Amino acid sequence: MTDEAVRGDAKRRRNQRGEGSRLKEELIQAAMRILDSSPGSQLGLRIVAREAGVAAPSVYPHFADARTLMTEIVRECWQQVGDEMAAAAAASAAPDAVGRLKDQFSAFVDYAMGRPSRYQLLFALNPINPEEEDTMQGHLRPAYRQVRHLVESFVAEGGRLPGEDLVSSTLLLISLAHGRIALAHLAPNREGNGADGVKAFVLDAIDRLFVRAE
């Protein structure tokens, strides 16, 4: 086999008709690899195209600009968070909703501390118009739904909400966890700001806020 043939085999396989969605997913995954390997990187379409092994013009049918790509990455990352929280709750051996909430938020902290660049991006993209604001609020739903479901279970077990209602109690939990994670990301080398310290803080707060029924 000639050197030219070897190089040809190493190139990315051209999409067949109807496979455009495959390239879109490959571009998203390429952008995430850049975020994971180079925290704080500025994602440009040409940089992402190079990482994905495609020509820059191939990107534009899927993403008109870098912001469009970033918005899609935010959506994908929130879905990842929601899926991991759901899996943790489903696998939990805890006998009640509070225990499952703690397992769920253990997964939330693990994602945030293990993939800080992805997590920080979730809250870094500001909407520029009302339509985009509605879309970005929707991105939070995979994680929000998981928490709210267990807060509802907590009430069904006779527990008393720490907030005024289900919505405020759910947002209280997410806000508390996010605030502690954000502080840890600001000073990662400070004592107690590792993944174990952050997780211990969040789980202790859940125990204090969600008091089990007697």
Check the stretch 199-212 and report whether any residue there is exposed (fewer than 12 other Cβ atoms within 10 Å of the Cβ), of a type outside the set (S, T, N, Q) and farther than 27 Å from R67 by Cα. yes
May I ask you to list the residues in the stretch 86-97 that are assigned to a helix (DSSP H, G or I) and in contact with a Ser or Thr (Cβ under 9 Å, 6 or more places away or on another chain)? A88, A97
Which numbered condition trips up G138, out of (1) within 14 Å of the chain's Cα centre (by Cα); (2) of a type outside the set (S, T, N, Q); (3) under 16 Å from A177 (Cβ atoms)? (3)
Test of understanding: among L186, L171, which residue is out of contact with any helix residue (DSSP H, G or I) (no Cβ under 9 Å at 6 or more places or on another chain) and of a type in the set (A, V, I, L, M)? L186
Check whether at least one residue in the stretch 113-123 is part of a helix (DSSP H, G or I), within 15 Å of the chain's Cα centre (by Cα) and surrounded by fewer than 14 Cβ atoms within 10 Å (Cβ to Cβ), and report yes or no. yes
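None of the figures in this text is laboratory data; all of them are computed from the coordinates on show. Just so it is clear, the model here is predicted, and its values are computed rather than measured. Cβ: placed from backbone, ideal geometry, glycine included. Neighbour counts: every protein chain shown.
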